[in-house]
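Written below as C-alpha cells is the structure these notes are about.
The values are calculated or read from the model by the stated rules, or taken from the named source; none is laboratory data. Predicted model, so just to flag it, every value in this text is computed and none were measured. Cβ placement follows ideal geometry from the backbone for every residue including glycine, while neighbour counts extend to all protein chains displayed.
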Amino acid sequence: MKKIWTIFKREYLTRVKSKGFILGTALTPLFIILVTIGPGLLMSLKTEDIKNIDIVDMSGIIYENLAHSLSDTTESGQRIYQFRKVETTPESVDSMKVALNASVDKDRIDAYIFIPGDIEEGNVAEYYSKNVSDFDENRNLRNVISRIVSDHRLEKSNIDPVLIKSLNKNIRLRTFKVTAGGEGKEDVGLSFAITFIMVMFLYMALIMYGAFVMRSVYEEKLSRVVEVIVSSCKPYQLMAGKILGIGAVGLTQYVVWAAVAGLLTLYSGVIIQSFSGSANPFPIPTIPISVLIYFIIFFVLGYLFYATIYAALGAMVNSDQDAQQLQFPAIMPIIFAFMFAFYIIKNPAGTMSQVASMISFFTPITMFTRISVQAPPFSEILLSIVILVMSLVFLIWLAGKIFRVGILMYGKRPTLPELLKWIRY
Amino acid sequence: MSALTIDHVSKSFDSVQAVNNLNLDIPEGAVFGLLGPNGAGKTTTIRMIMDIIIPDQGNIQIFGKPNSQEMRDQIGYLPEERGLYRKMKVRDILTFLAEMKGINGNESKKRIELWLERLDLQEWGDKKIEELSRGMQQKLQFIGTIIHEPRLIILDEPFTGLDPVNTDMIKDIILELNSKGTTIIFSTHLMEQVEKICKSICLINNGEAVLKGELKSIKKDFSKHAIRIAFEGKADFLDDAKLISAYDQKDSYYDVQLAEGVSTQQIIQSAVKHVQVSHFEILEPSLHDIFIETVTTSEGE
C-alpha cells in the first residue's frame, strides 16, 4: 500500500505541477466562456452604424409603414434605419435601378429596397446591398415587409388586424418533470441541457484521462524506467498507483472546473447585466443530489474500467505508432455509448436502453443518461453497478497479467495468441 | 550464510527454455560474477530473483528466507534496461527511488547529498534528467540502486556507457561497499571486468550453468600447464625432454609447455642451475579464453 502511495504521489505531483496541466485547467473554462457567451455578447452589442436605405415603393403601401415599424435606435438615440423614398415611374424603373446600384457601389447609400407594384399578388420584394449576408437584418426586413403587406390585405378585406392577432395567439406548453419526490419545478429545457453537459463531461473524462494512463505506461516502458520501478514494487502496484494518480489529476481538474462553473452560475445574472445593461438572469439550474452522486459513482467506476484497459494496452505498445493504432479500439465503445445516449434521451425506458445500460463497456454513460433523464428502478441501477464492478475486478486481474509481462517485452506488438500466452506466464 | 540461493529454478517462454534447472549458492560478502553470452538467461535469472518474472519451477531464497517483497527491499538492482523520468529533477527522482525502498525524510535527504557529492553531481541536483549527459545519468542510476544501503547489490552490465574515470569511480565504491559486508553480483559478458573484481563466478549458457566455482580454482583447472620465462644464458636446458615437451621462442622470452607430471617448481630449479632468470610466470588462461572454450564445447554437445 505504501508503494502504491509513493507511485501515486509521484504521478500526481509531477502532473499537477506541470505547465501543461496548469494551462489546460485554467484555459479550458476561459475557452468555454468565450465560445458560449462570446457570440451572444457580440450580437447584443448595439451597432453604432446608421444605415441609409433608399426605398423604391411602386405599390405605395410599404414606405409609410416601414419607417414606423423599424424604429431601432443607436446608443446616441439616432434611428439606425434612415429611409428615403425614391419616386419613379414604371417606365423608368430600369434606369433608376442602374443609378441606385451606382449609389450603393460608391457608398452613397448602404442599400435600397425595390417594392414592385404587385407585391400583394407577387409576394416578392428586392433588396440590393453590398452585404447581403447579415441574416439578422435580412430576416428583420422580410418580417416587417410581410407584416405590412398582410395587414394591408386584411384591411382591404375589412378584417381588423388586431382581432386576428388576438385570435391567432399561440399556446405555450409548460413542462414539469415528475420524479420520485412528486411534481418537480417547472422545467424550461434545462433538464436536457444539464443531462447533455454531464454526459459530455463523462465522455470527455473517459477518453482523455484513459489516454493519459496509456501514454504514461508506454512512455515509462519505452524510456526503460519501468524495470527500475518494478524492481522495487510489484507490477500491479505500479499499475494501480498510475491509474489512481492520473484519476486524481482528472478529479482535481474537474473540481476546479466545477467550482468555476458554480461561481459563474451564481453570478451569471450580475455578469450578464454588467455586459448587456439589462437584467436578464437565466434561471439557475439545479441538479438533484442523487444525480450528482450517480455522476461521481459512474465517473469513478467508468474511469477505473477504461483506465485499466488503457494500462494493459499501454503495456503492449512498442512505438508511438502502435499507441495510435491501439487507442482506437479502446475509444470505440466510449464513442458508441455517447452516441447511444442521444437515443436514450428519447427512449430512456426502452428495451435497447435497458440492455445497453447493463453492458459494462457502456454502463457509465448509458446508465447515467437514463438516471438523469428518467430514473429507472433502483434495482436496475444497482444491478448495472454490480455487473460493472464485477467486470472491473476481472479486468484488473487480466490487465495485471498483461501489464506484468508486457512492460518488459520489447520488439513487435503482440498478437492475440501471444497475448493469451502472456496471461499464463 | 547464503546471500542468495537459487534452487533448481527453471523458466521457459513458449518453446524457449530461458533458464534450465539452475542451482546457485552465493555466500554473503561475495563478489560474484554471473557470466554468459547474450541471451544465455542471465537477465531472466535476475528478473526471477526480483520477482519480475515468476519461475516455472524451483525456489529462490534471499538471506536464507523465502523470496518476499520485504527481502527484496534489501536488494539493490541496476537493470540492464534502465532509464529515468526525463522530466524529473535529480533530487526529486532520488527521493522517489529512496521512498520506493522505504527511506524517507531527513535520512533520505542526508544520503542523497552524500552520494551526489561522492559522484560529483551536487551542482546538477536541481537540473532535470534530460539536461544530464549519459554518463551522469548512469551515475545517478547507480546512486538510486544503492541509496537504501542494500545488503545485496545486483548489477546487470553496470559499466556500459561509462568512461574509464567513472568506471573506476563506481568500481571503487562497489569494492568499498563489499569490504563493509555487502554482497555483490555482477552480470556481464565483459570478462576483463569480472577477472579484476570477482572472486567466484558462474558461467551460464543456454539457460544452464556450465561452469561455476572460485575463479582461482577454475583457472587452475583450465591451466595449460605452461610457463613464460626470460633469462640470460644458453637455452640448452630447455631441450631436456624429461621436463619440457615443447617451447616457443619469442623476442625476449620463451613460452614453455611442461612435460606431464612436471611441476613448475622443478622447472625453476633446473633454470636457476643453468641460467640467470629475469622473469618467470605461470601462464594462466584468461577468463575470456575459458569462456569461449566452455561455451563452444557446451554448444558442440
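Here are a few things to note about the model shown:
- Hits in the stretch A:215-226 - residues which are at the interface with chain B (Cβ under 9 Å from one of its Cβ atoms) and either in contact with a helix residue (DSSP H, G or I) (Cβ under 8 Å, 6 or more places away or on another chain) or among the small types (G, A, S) (or both): A:E220, A:S223, A:V226
- Looking at B:I129, B:I93, B:I62, B:I52, just one residue is free of Cβ contacts under 8 Å to residues at least 24 places away in the same chain and among the β-branched types (V, I, T), and that residue is B:I52.
- Helices (runs of 4 or more DSSP H) lying entirely in the stretch A:103-167 (those with 1 or more residues that are in contact with a Gly (Cβ under 9 Å, 6 or more places away or on another chain)): none
Table: residues versus (1) at pLDDT below 85; (2) among the aromatic types (F, W, Y); (3) over 25 Å from B:E192 (Cβ atoms).
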| residue | (1), (2), (3) |
| --- | --- |
| B:L238 | yes, no, yes |
| B:A259 | yes, no, yes |
| B:V272 | no, no, yes |
| B:E284 | yes, no, no |
| B:H288 | yes, no, no |
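- Between A:S360, A:S353, the distinction of being farther than 23 Å from A:A240 by Cα, small (G, A, S) and surrounded by 17 or more Cβ atoms within 10 Å (Cβ to Cβ) belongs to A:S353 only.
- Looking only at the stretch A:9-34, and only at residues there that are surrounded by fewer than 14 Cβ atoms within 10 Å (Cβ to Cβ) and over 21 Å from A:G262 (Cβ atoms), the one that is farthest from the other protein chains (Cβ to nearest Cβ): A:L23
- Residue check for B:I147: among the aliphatic types (A, V, I, L, M), touching a Lys or Arg at 6+ places or on another chain (Cβ under 8 Å), surrounded by 18 or more Cβ atoms within 10 Å (Cβ to Cβ) and closer than 30 Å to B:Q69 by Cβ: yes
- Out of A:S103, A:S59, one residue alone is surrounded by 17 or more Cβ atoms within 10 Å (Cβ to Cβ) and closer than 14 Å to A:E126 by Cβ. It is A:S59.
- Boolean, A:A349 is in a loop (DSSP other than H, G, I, E, B), away from chain B (no Cβ under 14 Å), without any contact (Cβ under 8 Å) to a residue 40 or more places away in the chain and small (G, A, S): yes
- One residue stands out among those in the stretch B:1-16 that are part of a strand (DSSP E or B) and within 14 Å of another protein chain (Cβ to nearest Cβ): the one that is farthest from B:I54 (Cα to Cα), which is B:V16.
- Selection over the stretch A:361-391 of residues that are farther than 20 Å from A:T195 by Cα and in contact (Cβ under 8 Å) with a residue 40 or more places away in the chain gives a count of 3.
- Restricting the stretch A:397-412 to residues that are of a type in the set (D, E, K, R) and buried (at least 17 other Cβ atoms within 10 Å of the Cβ), the residue that is farthest from the other protein chains (Cβ to nearest Cβ): A:K401
- B:F96 being at pLDDT 90 or above and crowded, with 20+ Cβ neighbours inside 10 Å: yes
- Helices (runs of 4 or more DSSP H) fully within the stretch B:29-115 counting 1 or more residues that are within 13 Å of chain A (Cβ to nearest Cβ) and among the small types (G, A, S): B:90-100
- For the stretch B:253-269, filtered to residues that are part of a strand (DSSP E or B) and out of contact with any helix residue (DSSP H, G or I) (no Cβ under 7 Å at 6 or more places or on another chain), the residue that is surrounded by the fewest Cβ atoms within 10 Å (Cβ to Cβ) is B:Q257.
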